[in-house]
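What follows is a single structure, written as structure tokens, with notes after it.
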Amino acid sequence: MIRIANFNVNFDDARELKVLVAERLGVAADMVSLVKVVRKAVDARRFHGAPIRFVYMLDVAVQGSEKKLLSRWKKDRNVSEAPEAMASLGQFSPPGREDKPPVVVGFGPAGMFAALTLARQGWQPVVVERGRDVDRRHEDIARFWSGGGFDEKSNVQFGEGGAGTFSDGKLTTRVNDPLMGQVLADFVAAGAPEEILYLHKPHIGTDMLRQVVKNIRQEIIRLGGQVRFETQVTGLEADSDGRLRGVQLNGQERLSAGAVFLGIGHSARDTYQMLFDRGIAMEAKPFAIGVRIEHPQELIDVSQYGQDAGSPLLPVADYALTYNDRASGRGAYSFCMCPGGQVVAAASEAGGVVTNGMSNYRRDSGVANSALLVTVNTADFASHVLGGIEFQRQWERLAFRLGGGDYRAPVQTVGDFLSGRQGSRDFLTKPGYLPGVKPVDLHGCLPGFVTDMLAAALPYWDRKIHGFAHEGAVMTGVETRSSAPCRIVRDRESYQSVSMPGLYPIGEGAGYAGGIMSAALDGMNASLAFLRENSHNI
Ligand code: FAD
């Protein structure tokens, strides 16, 4: 196969890729027998009025001698021999009779991919998840969003699929890991659209994710694993030499295990406390807090695509914004932007309001939302390892009170926020947060350094995206759970806790990943480290 990189095609060019490739390589179209899209990105930058382009990486099969063709193009850096297909996980020897099944705590992306990897190698993991299965979880969340009461056991943070289930399902990551192809292939095998294998910014969407996580669960069970819902790890048990030997479940049952993969996410505050009390090495880490902002999707599309906005050939547009304040050294940035999505209530603790964003696969709500976050340094909260949790909780409770004490969220228009007014209801888009909102002054539920930074950043961002700081744009508070406020310290090579061998802290909650893809990769890599230590390659 021949790989062609940086292959630019005008977005509205209707010709078949095969024809364009043949032209590029200087061969007849009927010589091109296969074109496989390896990567596809949109380039909307318009240098000298250039049209919007799709930028492809393609693997192409050509009849006749590919070697000869390659030598013709040897001076062209964008034409080369296609590399071997994706990295393989390897095959390990199965567990011995004396080996106990590993326990995987949490069925978010990290836990799912740790369990799937172990199950494929014959280790029959036992997964324990404090929340409910995805169908019951969906009902619980729908009830909460329609004003029917909040459930601490089953919500946007807790339950099958983890925090990412009710999300935009973006699979982009800054991590560059050879196993990414494997994770994407597993998602596709479980029902995600094939395009995630090649899109530069792949996404699945909440509607599809619900079935995908269910299928991954069924695959783990088919391979001999177990998945137990409404089962919370409430304690860890260790030998006299400090090595892990089991977990306590729901405060009563005991399950013995030689290895425990702890994929608890960033919101399991009671579990963090249990780990701290147990003497597990942890450290505070920086995170970020802020608000969600909503705009008409059209405004974002026009800013990115100009006159081509709205073309069915183009995906709904996204954005990524940053702002740095030299004096304070702090940064503000957009995060987890959800095109065509919805702002959601994402609390996991009674008496707190937390926002986040999600979208369905088609991203067709007509509203764009994104978090606008400001970095919080460890010096901003008490020196205690778990001080970040108390800091988050403080602002979540203030938001709850400001919103009226019934899980409505505090909102404010950008116009009011920037001019010191409050109460305007002249919203550019209907606030999407359910179970409802209350117009207030967001300065009452955010630290001064956050509101100051946002006030400075919004006009700056308006110069990048015209209308971003429109006075009717809706801001909803508070977004506090974008990453973990602490880290469960582990050994770099073995992935095991530095204070309890046999305990594998994984994913976002461990502080070593951020986002669906990187959490999944972390779970997979930790289970491979376990397999390397406990069996031999065959
Ligand atoms: P989680 O997904 O948080 O899973 C942890 C699981 O552990 C939970 O199900 C929890 O119930 C369970 N658990 C906790 N404690 C215990 C215990 N003691 N015993 C048993 N079970 C326990 N990321 C993206 O990359 N793209 C997105 O588009 C995106 N959108 C998001 C939208 C929303 C609304 C939210 C909340 C998050 C979003 N994220 C997104 C972030 C992403 O979901 C997380 O980074 C990812 O889910 C982390 O995976 P994880 O497996 O480490 O933890």
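The values are calculated or read from the model by the stated rules, or taken from the named source; none is laboratory data. Just so you know, these numbers come straight off a predicted model, no measurement behind them. Positions of Cβ are backbone-derived with ideal geometry, glycine not excepted, and every protein chain shown enters the neighbour counts. Just so you know, the surface numbers come from the protein's heavy atoms only, side chains and all, with ligands and any DNA or RNA stripped out. Shrake-Rupley method; radii C 1.70, N 1.55, O 1.52, S 1.80 Å.
Some notes on this structure:
- Count - residues of the range 436-451 that are within 29 Å of the chain's Cα centre (by Cα) and not in a helix (DSSP H, G or I): 5
- Residue satisfying all of: in the range 373-390; open to solvent by 20 Å² or more (accessible area, probe 1.4 Å) and in a helix (DSSP H, G or I); farthest from Arg143 (Cα to Cα) among these: Ala379
- Criterion (assigned by TED's automatic domain parsing to the domain that holds Glu230, under 26 Å from Pro101 (Cα atoms) and open to solvent by 10 Å² or more (accessible area, probe 1.4 Å)) met by exactly one of Arg174, Arg136, Arg120: Arg120
- Selection count where residues are within 12 Å of the chain's Cα centre (by Cα), modelled with pLDDT of 95 or more and not in a helix (DSSP H, G or I), scope the range 158-170: 1
- Out of Ser311, Ser365, Ser334, sole residue that is of a type outside the set (Lys, Arg), over 19 Å from the mean Cα position of the chain (by Cα) and farther than 27 Å from Arg137 by Cβ: Ser311
- Among the residues of the range 128-145, none qualifies, meaning not one is more than 22 Å from the chain's Cα centre (by Cα) and in a loop (DSSP other than H, G, I, E, B).
- Unique match (being within 16 Å of the ligand (Cβ to nearest atom), out of contact with any helix residue (DSSP H, G or I) (no Cβ under 8 Å at 6 or more places or on another chain) and either touching a residue at least 40 places away in the same chain (Cβ under 8 Å) or not in a loop (DSSP other than H, G, I, E, B) (or both)) among Tyr433, Tyr460, Tyr504: Tyr433
- Among the residues listed as Phe276, Phe287, Phe261, the single one being open to solvent by 30 Å² or more (accessible area, probe 1.4 Å) and of a type in the set (Phe, Trp, Tyr): Phe276
- Taking the listed residues Leu418, Leu398, the one that is surrounded by fewer than 16 Cβ atoms within 10 Å (Cβ to Cβ), assigned to a helix (DSSP H, G or I) and either under 25 Å from the mean Cα position of the chain (by Cα) or in contact (Cβ under 8 Å) with a residue 12 or more places away in the chain (or both) is Leu418, with no other qualifying.
Let's see how each residue does on (1) closer than 30 Å to Pro193 by Cβ; (2) touching a residue at least 24 places away in the same chain (Cβ under 8 Å); (3) in contact with a Ser or Thr (Cβ under 7 Å, 6 or more places away or on another chain); (4) near the ligand (Cβ under 9 Å from one of its atoms):
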position: Glu81; (1), (2), (3), (4): yes, yes, no, no
position: Glu98; (1), (2), (3), (4): no, no, no, no
position: Phe113; (1), (2), (3), (4): yes, yes, no, yes
position: Leu116; (1), (2), (3), (4): yes, yes, no, no
position: Ser146; (1), (2), (3), (4): yes, yes, no, no
position: Gly169; (1), (2), (3), (4): yes, yes, yes, yes
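- Restricting the first member to the range 252-269 and to residues that are without any contact (Cβ under 8 Å) to a residue 40 or more places away in the chain, and the second to residues that are within 11 Å of the ligand (Cβ to nearest atom), the beta-carbon pairs closer than 8 Å and six or more apart or on different chains are Arg254/Val247; Arg254/Gln248.
- The number of residues in the range 401-415 that are buried (at least 21 other Cβ atoms within 10 Å of the Cβ) and part of a loop (DSSP other than H, G, I, E, B) comes to 3.
- In the range 181-195, the residues that are crowded, with 20+ Cβ neighbours inside 10 Å, part of a helix (DSSP H, G or I) and of a type in the set (A, V, I, L, M, F, W, C): Val183, Leu184, Phe187
- Evaluation of Leu521 against (1) in a loop (DSSP other than H, G, I, E, B); (2) buried (at least 24 other Cβ atoms within 10 Å of the Cβ); (3) within 13 Å of the ligand (Cβ to nearest atom) (one fails), failing number: (1)
- Qualifying strands (runs of 3 or more DSSP E) (wholly inside the range 287-355; at least 2 residues being within 16 Å of the ligand (Cβ to nearest atom) and β-branched (Val, Ile, Thr)): 287-296, 342-345
- Residue match in the range 300-321 (condition: open to solvent by 70 Å² or more (accessible area, probe 1.4 Å) and in contact with a Ser or Thr (Cβ under 8 Å, 6 or more places away or on another chain)): yes
- Here the range 1-42 is the region considered, the condition is being open to solvent by 50 Å² or more (accessible area, probe 1.4 Å) and β-branched (Val, Ile, Thr), and the residue that is farthest from Val62 (Cα to Cα) is Val42.
- When the range 227-284 is filtered for residues that are of a type in the set (Ser, Thr, Tyr) and outside any helix (DSSP H, G or I), the ones remaining, listed by number, are Thr231, Thr234, Ser240, Ser256, Ser267.
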